[in-house]
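K.L.:
Before I ask anything, here is the structure I am working with.
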Amino acid sequence: MPDVGRAFEAVASTPPMEFVARLVGFGHALRDAGLPVGSDDVVTFCSAVSELTPSDLEDVYWSGRTTLVHRRDHLPLYDEVFRQYFLGHRAPADPEPSESEPIAQGQSGTLNVPDSEPGTQTGDDRPMVLGRQASGVEIQRDKRFAECTPTELAALRRIMAQVRLEPPRRRTRRRRTDPSGARLDIRRIARDAMRLSHAAPVLHRVTRAERARPLVLILDISGSMADYSRNLLQFAYSMRRAAQKVEVFCFGTRLTRITPALDRRNPDDAMKLAAARVLDWDGGTRIGASLDSFIRRWGRKGLSRGATVVICSDGLDRGEPAALASAMERLSRLCHRIIWMNPLVGDHSDTPPSTLGMMAAGPFIDTLESGHDLASLEQFAAKLAHVG
């Protein structure tokens, strides 16, 4: 916690609108420093300060720390920005970057692979480019994404891009030839009988033809899903590459369609383009309003009719529970099946988390899945063709 012993003397004489602008500017400073601060977080911050003593820096500090910080590892950066913004302390000089710095989450092209034998060193310290070469990184498929290092996440995303996905299928009115079909092809049998009157006709059988069922993925990219959203987006990219009838949407406080951005051969290019399209990344969450926007703009026009809808969210909603329940009810009438993937479920998919959003959406969920690690995503991909 920074030094809050100094009095905030200028605040008492500051007009209210200028003080609000000062608080909003602090939110912008945090965002410029790299913290995921959304517009709704700044509104909550201003409301919290108004309930306390705005002239007390300690109240301002704890109001911001409670409403603007979503992860524990963001606290040092928050304290530093607070010192600079309110106390005028200068930031220390940035240390020189180390060559052994871990790879960022969004980068997955190279990976520093450790030597296979301890004590054997080569003169080339350049990172090894992952192609058909073997990697020395140990991959734990049952390790939660939130506990993985950036290097492990980069390796997991490369494995995830190679997961074979079979989209759900539905039976059509058309029929196809099938020797083990339960229905006889009377027309073909009659044609053979007229052409070969001296021999007994062969009993041809048919069955109902199948085609891929439309698949719609709606991903939560809010701040509470920061440890999982980028990995689920990589999984959505693999689904989009496996089948053409796949639509992908992202939502935080608003809904954004990113399907065209995922139509790239290079997964890194697809992830960058998708991230550029989404404006409310790592912000707040309004699940009900986002689903309502999907239904009004795309669902009623036929995009969700007969489709399997997969909603990936932790259910931590800042909107009205009644709006979420209403949107889920309308969506359940339009689509074929609703699958909710919640990383907070973990290995206990039969007991949904007791969040307000999950309780409102629970009666309309057909299948509850988890997506907290690579193993759960692989299991979901294996049974998607059957549950959908």
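The values are calculated or read from the model by the stated rules, or taken from the named source; none is laboratory data. All of these numbers come straight from a predicted model, not from anything done at the bench. Here the Cβ positions follow ideal geometry from the backbone for every residue, glycine too, while neighbour counts run over all protein chains shown. Calculation scope for accessible area: heavy atoms of the full protein, side chains included, ligands and nucleic acids excluded. Shrake-Rupley method; radii C 1.70, N 1.55, O 1.52, S 1.80 Å.
K.L.:
Please report the net charge: other residues with Cβ closer than 9 Å to the Cβ of Phe251, K and R +1, D and E -1. Before the final figure, lay out the partial values.
P.N.:
Details: positive: Arg254, Arg286; negative: Asp220, Asp280.
Net of charged neighbours comes to 0.
K.L.:
Compute the Cα gyration tensor for segment 288-388, then decide on rounded, prolate or oblate, letting a ≥ b ≥ c be the square roots of its eigenvalues: rounded whenever a/c is under 1.5, prolate when a/b is larger than b/c in the other cases, and oblate in all that remain. The partial results should precede the final answer.
P.N.:
Working: a/c = 2.16, a/b = 1.23, b/c = 1.75.
Because a/c hits 1.5 or more and a/b fails to exceed b/c, segment 288-388 counts as oblate.
K.L.:
State the extension gain, in nm to one decimal, for the chain segment bounded by Thr355 and Ala385, taking 0.36 nm per residue of separation less the distance between their alpha-carbons. Don't skip to the end; give the middle numbers.
P.N.:
Values: separation 30, 0.36 × 30 = 10.80 nm, distance 2.90 nm.
Fully extending the segment from Thr355 to Ala385 adds 7.9 nm.
K.L.:
If a/c stays under 1.5 just call it rounded; otherwise compare a/b with b/c (prolate if a/b is bigger, oblate if not). Do that for segment 29-91, with a ≥ b ≥ c from the square roots of the Cα gyration tensor eigenvalues. Don't jump to the answer; show the numbers that get you there.
P.N.:
Numbers: a/c = 1.79, a/b = 1.15, b/c = 1.56.
It is oblate, given that a/c is not under 1.5 and a/b is not larger than b/c.
K.L.:
Less than 19 Å from a label point 7 Å out along the Cα-to-Cβ axis of Arg254: which backbone N atoms in segment 303-332 qualify, by residue?
P.N.:
Once the point is set 7 Å along Cα→Cβ of Arg254, 318-320 turn out to lie under 19 Å by backbone N, inside segment 303-332.
K.L.:
Normalised by the number of residues in segment 250-292, what is the relative contact order in percent for Cα pairs under 8 Å and 6+ residues apart? Walk me through the numbers before you get to the answer.
P.N.:
Details: 48 pairs, mean separation 24.4, N = 43.
Relative contact order comes out at 57 percent.
K.L.:
Could you rank the peptides 254-266, 307-319, 285-297 by their average count of other C-beta atoms within 10 Å per residue, with the highest value first?
P.N.:
Details: 254-266: 16.4, 307-319: 24.1, 285-297: 22.2.
My ranking of the peptides, most packed first, is 307-319, 285-297, 254-266.
K.L.:
How much accessible surface area, in Å² rounded to 10, belongs to the heavy atoms of Tyr78 with a 1.4 Å probe?
P.N.:
0
K.L.:
With a 10 Å radius around each residue's Cβ, average the other Cβ atoms per peptide and rank 361-368, 215-222, highest first. Provide the component values of the computation, followed by the final result.
P.N.:
Numbers: 361-368: 17.4, 215-222: 25.6.
Highest-to-lowest ranking by the protection proxy: 215-222, 361-368.
K.L.:
Can you tell me the length gained on complete extension of the stretch Ala322 to Ala276, counting 0.36 nm per residue apart and subtracting the Cα distance?
P.N.:
Working it through step by step, the gained length comes to 13.4 nm.
K.L.:
Something else about it: Probe radius 1.4 Å, ligands and nucleic acids left out: which of Met239, Met194 has the largest accessible area, and how do the rest follow?
P.N.:
Values: Met239 5, Met194 150 Å².
Order by accessible area, largest first: Met194, Met239.
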